[in-house]
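First up is the structure itself, then whatever we jot down about it.
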Amino acid sequence: MRDALTYEDVLAGVLEVGPLKTWSVIVTILGDLAADEAARLPGPVLTQVMAAMGLKAEALRVAIHRLRRDGWITSERDGRTSLYGLTSHGRRLTREAAGRVYGTRSPDPGDWAIVIAQSVEALQGLDVPGLIPVGPRAALFHGRIDGLPETVLAWRAEPGALPDWAREAVMPEELGQSYAALAARLEQALALPVPEDVLSRTVLRLAALHQWRRLVLRHGEGEEALMGPDWAGAQARARIAALLARLERPGVDALQAAITG
């Protein structure tokens, strides 16, 4: 019988769900640990967390330069130590995404409809914002049906009750597979005992959070809601919320003490 998965097994599995772009991981880390205006993350802490995810110091330096150039992060010196934080621009974008990333429930779907036009040309000729083509003569529409012209046939689309062809158009198969892989890895993480040391807890928290953030920001709220409660993305949302509650966000001072001490 196979031995139970170790922390190292689970962390490796989470990291393998999708590619890690160093600059994006830094945004995830600062957005989670140092989102407040006055918050700063010491360079050695950032370096240690990134190294635990398998990201090299050379890539970190290049990514920091890029993020500073693009107005995402700021840096200052405290003796020989660099301190990093988000700029006002970085904080604003982080706040705007926070509901999507940290929300424990799928967003309200609002009004969705399936639209069928008489011909390909008729569908292409519709001047209606919010249409998502899902076939030569078919589209999904995010809005009220009474705002559509009478030249199309439309009926309300219920979350979780779309035909397969429409589901595939709303949520590509590759993205659904990534959500399924993440949901499985998060289930394994939830089955682990909580790591005793703060660095291990933080690295697992941030790795899982980044993989979730990377996926959930690839589509809109309406698309997520329209898929319903039984698809892999909804499972991943429930599990990441449970894991973040279990692996509480550490204070920067406690994390720094654990690394330097």
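The values are calculated or read from the model by the stated rules, or taken from the named source; none is laboratory data. All values derive from a computational prediction rather than experimental measurement. Note that each Cβ is placed from the backbone with ideal geometry, even for glycine, and that neighbours are counted across all protein chains shown. Remember, those area values only see protein heavy atoms, side chains included, never the ligands or the DNA or RNA. Shrake-Rupley method; radii C 1.70, N 1.55, O 1.52, S 1.80 Å.
Here are a few things to note about the model shown:
- Rounded to the nearest 10 degrees, the angle from helix 173-191 to the longest Cα principal axis of the chain is 40 degrees.
- Top positive-direction residue, dipole computed over the chain with Cβ charges, set Gln48, Gln211, Ile26: Gln48
- Selection from Val194, Thr81, Gly99 lying farthest towards where the dipole of the chain points positive, charges on Cβ: Thr81
- Within the chain, the longest run free of exposed loop sites, counting trypsin sites (Lys or Arg not before Pro) that sit outside DSSP helix and strand states (H, G, I, E, B) and have at most 13 other Cβ atoms within 10 Å, spans 145-217.
- The portion of the accessible surface of the chain made up by carbon and sulfur, rounded to a whole percent, is 50 (1.4 Å probe; DNA, RNA and ligands excluded).
- Using only alpha carbons, segment 47-164 has a radius of gyration to Kirkwood radius ratio (Rg to Rh) of 1.24.
- Alpha-carbon gyration tensor eigenvalues x 5, square-rooted, for segment 190-245, Å: 26, 13, 6
- With Cα atoms defining each centre, segment 164-181 and segment 12-74 are spaced 29 Å apart in the structure.
- Per residue accessible area in Å² of the chain, where ligands, DNA and RNA are left out and the probe is 1.4 Å: 52 Å²
- Dipole magnitude (debye, nearest 20) for the chain, charges at Cβ of Lys, Arg, Asp, Glu: 920 debye
- Two numbers describe the Cα atoms of segment 55-104: Rg and Dmax, which are 13.2, 41 Å.
- For the chain, the residue among Ala258, Ala161, Met227 whose Cα projects farthest onto the positive side of the dipole built from Cβ charges is Ala258.
- With the convex hull drawn around the C-alpha atoms of the chain, the volume per residue stands at 153 Å³.
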